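Working notes for the structure below.
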């Protein structure tokens, strides 16, 4: 049976070149980078070269790049670290209703710790407007944390304008760029943000490794205590194979973003056109233009998204009903709900996210079986 992978926002297959780069650091170059002998020094050099690669990609100093276990830890370190560090200055944080749960649940935790959180609402496309953020700023606001691109609908936020507002107001800003990193050019020498979270496994790198960019001069309270790893920011021996793999994935992405985006966007638009030409009552979720190239979040009115997902899976097609981190939840997507999508349409949503290896044949295969599945499920559904 043919298999098609349309879930690249959940994770991506590791690039063979990435695997090749990682392998020596499992069984040949296995030293601890904190050790002073030759085994450790060799790995320390590789670690710092990887840091330079990521820094160069973002156009910042290598000293501003800190490795951690992934996007979730990076978000936690940024948000909690600033909250605890600046608690005497203020206890108010601004975020949005459509953030990834790594941010939302962190903010909910901080509310229990006595912090006040303002959750800014998006527009109907899932976009956070700078004016709404500015309106929420108070004298005791210490942090604004807004995602660069939404993981469910792909909408890209005007981070530059939000960051300029925060800078003018003297408020620190953190950006969750896990979905946009490596897909949209990011120049942190020009973008006035203070912290940015990134991950490796969304760009054909390994899982379990991420990055937190911390602008020079920004202080964070420690969340983990132990050794002085990562310049005393994050205790714990670094995941060297993962870091090497992430750096290789970043190096591969450099110079390819624009060309790949053009191809994937064309394929995505063709996919959408073919679906809407053959299936009635299909609605796009997310911004029609300001959207990540590979994202196609659709509501198929009259059916349950989970039923459609299972039916597609039986035909070898992998998609998602939203964030991979909320898989199994029967509640409507918090993102679509915040956008004002009706519950019955939110429940019928499917997220197709295309990647670098998808082809027109993948699209045609999916479109060849999708109408029959939708028709059958609509006849069975109580939503009709």
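The values are calculated or read from the model by the stated rules, or taken from the named source; none is laboratory data. All values reported here derive from a predicted model rather than from experimental measurement. Cβ coordinates were reconstructed from backbone atoms using ideal geometry, including for glycine residues, and neighbour counts include every protein chain displayed.
Check 185, 158, 122, 192 and return the single one that is over 25 Å from residue 296 (Cβ atoms) and not assigned by TED's automatic domain parsing to the domain that holds residue 287. Exactly one of 185, 158, 122, 192 is over 25 Å from residue 296 (Cβ atoms) and not assigned by TED's automatic domain parsing to the domain that holds residue 287, namely 192.
Of all the listed residues (146, 162), the sole one being closer than 30 Å to residue 53 by Cα and under 15 Å from the mean Cα position of the chain (by Cα) is 146. Quick one: in the range 344-381, which of the residues that are without any contact (Cβ under 8 Å) to a residue 60 or more places away in the chain and not in a helix (DSSP H, G or I) is nearest to residue 273 (Cα to Cα)? Filtering the range 344-381 for residues that are without any contact (Cβ under 8 Å) to a residue 60 or more places away in the chain and not in a helix (DSSP H, G or I), the one nearest to residue 273 (Cα to Cα) comes out as 350. Listed by position, the helices (runs of 4 or more DSSP H) enclosed by the range 1-69 that each have at least 2 residues that are in contact with a helix residue (DSSP H, G or I) (Cβ under 7 Å, 6 or more places away or on another chain) and surrounded by 14 or more Cβ atoms within 10 Å (Cβ to Cβ) are 16-22, 38-58.
Do the conditions hold for residue 274, that is, is it in a helix (DSSP H, G or I), in contact with a helix residue (DSSP H, G or I) (Cβ under 9 Å, 6 or more places away or on another chain), touching a residue at least 60 places away in the same chain (Cβ under 8 Å) and not assigned by TED's automatic domain parsing to the domain that holds residue 29? So residue 274 fits the description; yes. On the stretch given as the range 224-245, residues that are within 22 Å of the chain's Cα centre (by Cα) and surrounded by fewer than 20 Cβ atoms within 10 Å (Cβ to Cβ) total 0. From the list 146, 184, the lone residue that is at negative phi, in contact with a helix residue (DSSP H, G or I) (Cβ under 8 Å, 6 or more places away or on another chain) and surrounded by fewer than 23 Cβ atoms within 10 Å (Cβ to Cβ) is 184.
When we screen 103, 98, 133 for residues that are in a loop (DSSP other than H, G, I, E, B) and either touching a helix residue (DSSP H, G or I) at 6+ places or on another chain (Cβ under 8 Å) or touching a residue at least 24 places away in the same chain (Cβ under 8 Å) (or both), the only hit is 98.
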